[in-house]
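Reviewing the structure listed below.
The values are calculated or read from the model by the stated rules, or taken from the named source; none is laboratory data. Just so we're clear, the structure is a prediction, and the values are computed from it rather than from any experiment. Cβ placement follows ideal geometry from the backbone for every residue including glycine, while neighbour counts extend to all protein chains displayed.
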Amino acid sequence: MFLRRLTSSIVTRLVLFGLALALTGSAIRYQVLPAFLHDQVGQVVAGQQAALAAYVAQDISAKLDERERALQRLASATPWHALHDAEALQNWLSAQHRTQPFFVAGMALVALDGRPLAQILTTAPALTQDLAGARVAVPDWVAAALRGSSALGRPMRSPQTGEVLLPMTAPVHDTLGQVRAVLVAATELGAPGFLQPLEQARIGTEGAFLLITPRDRLIIAATNPALVLQPAPAAGKVPLYDQAAIGYRGGAVIRDADGQEMVTGVAPVAGAGWIVVARVPAAEALAAVGEARRFVSTQAIVTVAVFLLLASVGLYIVFRPLLRTAALADRMSRGELPLAPLPVLRDDEVGHLTKAFNRLMRRLMDTQNELARMAHHDPLTGLPNRVLLADRMALALARARRNHTRLAVLFMDLDGFKPVNDRFGHEAGDRALIEVARRLDRVVRETDTLARVGGDEFALVLGDLGPTSTDAELAARAVANKCMQAMSTPVQINGQEGWLGLSIGIALGDGDSSLDALMTAADSAMYRAKEAGRGRFVVHEDEAEPLMPTGTRRTG
């Protein structure tokens, strides 16, 4: 009797039905879950590797730019008029070599025919060999320098120190812009301020970084020292590397050149033609997938039985407030309800979680607002930056096109800022920039946009200036005069007076003008104001119209 009642009980049938469903689900999960986790976790880890590669690539690009700018400054300061004086050139090169930190390995000044004019080869005796044979076969990086562009050469290893060196070139121009010589220098890739952190970094236990130059098919830096200056995978061998060589950045689970499954992220190094590879063996990165399979196989039956018999009612009672909270949060995420703190129904763990979620939501909203502000405003002066300026200019152009009115762009550069900055220091210079921004902001209308676009450069967009160019020019001149009057009194810096002026370029446009054309025209006019003696403004003229005296425009 008891057995018959037990077998015919709805409760028993529901329990057995639920148990059958749970066991079936466990079997399906055993087969499907590992593949799903492999793909999903692989994508997440690949995204992390791509983010790491992009960060490292950005850092390398910045350091390369720093060295290229340093070499270009040396090239621009080269006494090209004394190229025939070997002793003077050698003395000049020695002086430069002693004072700069980037090219300790060696520097050389080479004539256009490949003949070294002066050289200091500390640890790079082969630095000028490619140039010396330039008359026979010109390397592409040498050819670029001869054409007037800076270039990077093929990395080499110093026979004295074993350090990997990167040759760099910069053309030496005369006053007419003609290339008169080539300045060559070698920088150590493994220097503490360059690629040493990449070579010492490790991702997990077996993961590593690679820095590859696709042009030379060469690994130029790696976490594993044995790979440095070894051939990189051939084109087509690892498609992800080939995509990175043409600008792609991202990650994927791939097979490397040796056939090993790797979770890999790639990013190009801007301006160098290099790629950064961050990779970790899939066996390490996706170890949780195997653990999940074993866990499902060993714990499925016990977990399902306990869940069906005990957890259903208990978990429903315990987590009912959480279910209600999750439902509210879900509706908020879909936009059905406005964002608001979730109600705390109980002062237990669920209530604590809800409070923590509410705090996190407030912090995320505050962070989102702050990021939005930082993305569109200059952090020093609080003025709009180039991004927000472009948006405001687009709106001003749209209004001008709709209302058939004119607008003007004033490009302003501070006169005398560098002496103030050198005399009082950078912090005082920052305070001076804040004061300049405050003075200029008092001059403009609320409908206009004043932005900081560079170190000591500001741009002002004036909209709705009337239907004719004459109206627009008169209004722009009036505002330019007000801006210059605002700077007529000295700026108080550390209890002392600092005099700053303005050179202003004015460009006029209408609804058919382009943002870039207006900014370029205003910038060009500003440089004419600089050349005319500073402390004045110039209205941009057409190329066919000669530049009139500052602050005036030809009439009649």
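The selection criterion, being assigned to a helix (DSSP H, G or I) and either of a type in the set (Gly, Ala, Ser) or under 21 Å from VAL539 (Cβ atoms) (or both), holds for ALA475. Where helices (runs of 4 or more DSSP H) fall entirely within the stretch 340-431, none has at least 2 residues that are hydroxyl-bearing (Ser, Thr, Tyr) and under 30 Å from LEU465 (Cβ atoms). Only one entry of VAL277, VAL269, VAL263 meets the criterion of being buried (at least 20 other Cβ atoms within 10 Å of the Cβ) and either under 19 Å from LEU165 (Cβ atoms) or in contact with a His (Cβ under 8 Å, 6 or more places away or on another chain) (or both), and that entry is VAL269. Residues in the stretch 399-435 that are over 17 Å from MET487 (Cβ atoms), of a type in the set (D, E, K, R) and surrounded by 20 or more Cβ atoms within 10 Å (Cβ to Cβ): ARG406 alone. Here GLY162 clears all of (1) at positive phi; (2) at pLDDT below 80 except the condition numbered (2).
(1) within 23 Å of LEU121 (Cα to Cα); (2) crowded, with 21+ Cβ neighbours inside 10 Å: which one isn't true of ARG180, the others all being true? Unmet for ARG180, out of (1) within 23 Å of LEU121 (Cα to Cα); (2) crowded, with 21+ Cβ neighbours inside 10 Å: (2).
Considering only the stretch 454-470, I want to know if a residue exists there that is assigned to a helix (DSSP H, G or I) and closer than 19 Å to ASP512 by Cβ. Quick ask: steps written out before the conclusion?
Filtering the stretch 454-470 for residues assigned to a helix (DSSP H, G or I) gives 469-470.
After this cut, where a residue has to be closer than 19 Å to ASP512 by Cβ as well, the list is 469-470.
Checked against the condition, which is being assigned to a helix (DSSP H, G or I) and closer than 19 Å to ASP512 by Cβ, the stretch 454-470 yields at least one hit.
Pull up the stretch 248-259, narrow it to residues that are surrounded by fewer than 17 Cβ atoms within 10 Å (Cβ to Cβ) and modelled with pLDDT of 85 or more, then point me to the one that is farthest from the chain's Cα centre (by Cα). Can you show your working first?
Taking the stretch 248-259 and keeping what is surrounded by fewer than 17 Cβ atoms within 10 Å (Cβ to Cβ), we get 248, 255, 257-259.
Next, only the ones that are modelled with pLDDT of 85 or more stay: 248, 255.
Values: TYR248: 15, ARG255: 29 Å.
Restricting to residues being surrounded by fewer than 17 Cβ atoms within 10 Å (Cβ to Cβ) and modelled with pLDDT of 85 or more, the top hit is ARG255.
Whether any residue in the stretch 176-196 is under 24 Å from ALA50 (Cβ atoms), of a type in the set (S, T, N, Q), modelled with pLDDT of 85 or more and not assigned by TED's automatic domain parsing to the domain that holds ALA108 is what I want to check. Within the stretch 176-196, none of the residues are under 24 Å from ALA50 (Cβ atoms), of a type in the set (S, T, N, Q), modelled with pLDDT of 85 or more and not assigned by TED's automatic domain parsing to the domain that holds ALA108.
Check whether at least one residue in the stretch 208-224 is among the hydrophobic types (A, V, I, L, M, F, W, C), free of Cβ contacts under 8 Å to residues at least 12 places away in the same chain and not in a helix (DSSP H, G or I), and report yes or no. Give the steps one after another, and end with the answer.
Kept after step one, since they are among the hydrophobic types (A, V, I, L, M, F, W, C), are these residues of the stretch 208-224: 208-212, 218-222.
Still in the running and free of Cβ contacts under 8 Å to residues at least 12 places away in the same chain: none.
Looking for residues that are among the hydrophobic types (A, V, I, L, M, F, W, C), free of Cβ contacts under 8 Å to residues at least 12 places away in the same chain and not in a helix (DSSP H, G or I), one finds none in the stretch 208-224, hence no.
Out of curiosity, is ALA144 buried (at least 17 other Cβ atoms within 10 Å of the Cβ), hydrophobic (A, V, I, L, M, F, W, C) and either at pLDDT below 85 or in a helix (DSSP H, G or I) (or both)? If you could, list the steps in order and put the result at the bottom.
Numbers: buried (at least 17 other Cβ atoms within 10 Å of the Cβ): yes; hydrophobic (A, V, I, L, M, F, W, C): yes; either at pLDDT below 85 or in a helix (DSSP H, G or I) (or both): yes.
Yes.
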